[in-house]
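Let me begin by presenting the structure, written as structure tokens, before commenting on it.
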Amino acid sequence: MNRYKSETSGRNLLIAAGIVTSLGLGFTAYAYGLDAAPVPVAHSDSVGAAITDTDITTKVKYKLAGKKSLKGSDISVTTTNGVVTLTGTATGKKAQFSAESLAKSVQGVKRVDDELRRPGDSKRVASAQQGVSDDWITTKVKSDLLANSLTKGFDVKVVTTDGVVVLSGKLASQDAIDHVKDVTEKVDGVKSVDTRGLIIVG
């Protein structure tokens, strides 16, 4: 009787072990089959990437909306594979820099493409497209200096080379030099102004 029970128990253990082994092999094969399936994995990655871009765009927009320095700016945000593109207009150089910095601070952002425009950009672009010549700049500077009530009596020589205006002459004070420079810098096409040739004569 005891021998029969022992043999039965032994057979039951062997059967149980076989079942467990079969289940284990079956589970392993099933898991491997899921891992090896290319379509579901690719689909999951694609969806994950899209959600990430959407999330980044939302976070960037939220940060920009809460910044006082960007008041008056009209900025659009798009994100593709972690690359944020800013388009629209910023009220000035500081606002543009602030928008770019805020976008870069958002987690997941790989790069920020700043395509924002500032007031006066269209004017400078138009001047470049028209091919403003050095002669035209020189004539315009002289004309503006003569038309200005503070500088019309000044004897200032104007020479322009590749958009760089060199001023020379004798003026009564540093304030006079600064005013001449200010008038010159406002002329379209002027890249920079050299006032080292202006001498103060007391």
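The values are calculated or read from the model by the stated rules, or taken from the named source; none is laboratory data. Values in this document were obtained by computation on a predicted structure and should not be read as measured data. Please note: Cβ atoms are built from the backbone with ideal geometry, for glycine as well, and neighbour counts cover all protein chains shown.
Condition check ((1) surrounded by fewer than 17 Cβ atoms within 10 Å (Cβ to Cβ); (2) not polar (S, T, N, Q)) across all residues:
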| position | (1), (2) |
| --- | --- |
| K71 | yes, yes |
| N81 | yes, no |
| F97 | yes, yes |
| V106 | no, yes |
| R111 | yes, yes |
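Quick check: anything in the range 68-84 free of Cβ contacts under 8 Å to residues at least 60 places away in the same chain, in a helix (DSSP H, G or I) and among the hydrophobic types (A, V, I, L, M, F, W, C)?
Yes: the range 68-84 contains one or more residues that are free of Cβ contacts under 8 Å to residues at least 60 places away in the same chain, in a helix (DSSP H, G or I) and among the hydrophobic types (A, V, I, L, M, F, W, C).
Filter the range 144-202 down to the residues that are assigned to a helix (DSSP H, G or I) and among the charged types (D, E, K, R), then identify the one that is farthest from P119 (Cα to Cα).
Applying the first criterion (assigned to a helix (DSSP H, G or I)) to the range 144-202 yields 144-147, 174-185.
Those still in the list that are among the charged types (D, E, K, R) too: 144, 175, 178, 181-182, 185.
Working: D144: 22, D175: 28, D178: 24, K181: 21, D182: 19, E185: 16 Å.
My answer is D175.
Results for (1) surrounded by 17 or more Cβ atoms within 10 Å (Cβ to Cβ); (2) farther than 24 Å from S133 by Cβ; (3) among the β-branched types (V, I, T), shown as yes or no for each residue.
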{"position": "K170", "(1), (2), (3)": "no, yes, no"}
{"position": "S173", "(1), (2), (3)": "no, yes, no"}
{"position": "V180", "(1), (2), (3)": "yes, no, yes"}
{"position": "K186", "(1), (2), (3)": "no, no, no"}
{"position": "G189", "(1), (2), (3)": "yes, no, no"}
{"position": "D194", "(1), (2), (3)": "no, no, no"}
{"position": "G197", "(1), (2), (3)": "no, no, no"}
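Pull up the range 83-95, narrow it to residues that are surrounded by fewer than 20 Cβ atoms within 10 Å (Cβ to Cβ) and within 15 Å of I56 (Cβ to Cβ), then point me to the one that is farthest from the chain's Cα centre (by Cα).
Taking the range 83-95 as the starting set, the residues that turn out to be surrounded by fewer than 20 Cβ atoms within 10 Å (Cβ to Cβ) are 83, 85, 87-89, 91-94.
Keeping just the survivors that are within 15 Å of I56 (Cβ to Cβ) gives 83, 85.
Values: V83: 9, T85: 6 Å.
Across the range 83-95, the extreme among qualifying residues is V83.
Considering only residues that are touching a Ser or Thr at 6+ places or on another chain (Cβ under 6 Å) and modelled with pLDDT of 90 or more, look in the range 55-69 and name the one that is surrounded by the fewest Cβ atoms within 10 Å (Cβ to Cβ).
T57
Criterion first (modelled with pLDDT of 90 or more, under 18 Å from the mean Cα position of the chain (by Cα) and not in a helix (DSSP H, G or I)) does V109 satisfy it?
Criteria met by V109.
Return the total of residues in the range 146-186 being within 38 Å of the chain's Cα centre (by Cα) and at pLDDT 90 or above.
So the first thing to find is which residues in the range 146-186 are within 38 Å of the chain's Cα centre (by Cα), and the list is 159-167, 177-186.
Filter once more, keeping what is at pLDDT 90 or above: 159-161, 164-167, 177-186.
So the answer is 17.
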